[in-house]
1. Identify, from the list Gly72, Gly58, the residue that is at pLDDT 85 or above and over 19 Å from Ala111 (Cα atoms).
2. Please enumerate the residues belonging to the stretch 58-77 that are over 22 Å from Ile13 (Cβ atoms) and exposed (fewer than 12 other Cβ atoms within 10 Å of the Cβ).
3. Just give me the residues in the stretch 79-99 being surrounded by 14 or more Cβ atoms within 10 Å (Cβ to Cβ) and of a type in the set (Gly, Ala, Ser), in sequence order.
4. Scanning for something exposed (fewer than 12 other Cβ atoms within 10 Å of the Cβ), at pLDDT 90 or above and out of contact with any helix residue (DSSP H, G or I) (no Cβ under 6 Å at 6 or more places or on another chain), does the stretch 15-36 turn up at least one residue?
5. Is it the case that Tyr102 is loosely packed, with under 15 Cβ neighbours inside 10 Å and among the aromatic types (Phe, Trp, Tyr)?
6. Can we say Arg118 is touching a residue at least 60 places away in the same chain (Cβ under 8 Å) and basic (Lys, Arg)?
7. Filter the stretch 65-84 down to the residues that are without any contact (Cβ under 8 Å) to a residue 60 or more places away in the chain and touching a Phe, Trp or Tyr at 6+ places or on another chain (Cβ under 7 Å) and list them by number.
Amino acid sequence: MGWTNSHLHEFVIEGKRYGVPAREFDMEDVGDDWDHRLMLEAILPADPAARYPILIDGKNACPPEDVGGADGYCEFVAAVTNPAHKEHAEVLEWCGGRFNPYAFDLAKINALLEPLRR
């Protein structure tokens, strides 16, 4: 995702919870409350010429960290993509001057995965 791992998070797989324990926090309320659902569509034979992990496809940009979850991201996109929006200049400055919610760079993401490959 490109986030900095600075917030509580967990993964739930078939009802089993995985994450870094944080006893002082209620894991039922981890902040921005993103809910990602992944679906395994197929298990293909490994390509002996490939190095894994490798991303095959995707779409859209990663939401900026601390944007406020799914609802905050919808508001952010509405403001950042509409120069007439009353908060356009503010959100544009907050995100570093530019943001394309539809951008997706498969080669760049696979380059970021390179250190993990064997």
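1. Gly72
2. Scanning the stretch 58-77 gives Lys59, Asn60, Asp71.
3. Within the stretch 79-99, Ala79 is the sole residue that qualifies.
4. There is no residue in the stretch 15-36 that is exposed (fewer than 12 other Cβ atoms within 10 Å of the Cβ), at pLDDT 90 or above and out of contact with any helix residue (DSSP H, G or I) (no Cβ under 6 Å at 6 or more places or on another chain).
5. yes
6. Spelling it out, Arg118 is indeed touching a residue at least 60 places away in the same chain (Cβ under 8 Å) and basic (Lys, Arg).
7. Selection gives Val67, Gly69, Ala70, Val80.
The values are calculated or read from the model by the stated rules, or taken from the named source; none is laboratory data. A quick note: this is a predicted structure, and the numbers were derived from the prediction, not measured. All Cβ positions, glycine included, derive from the backbone under ideal geometry; neighbour counts span all protein chains shown.
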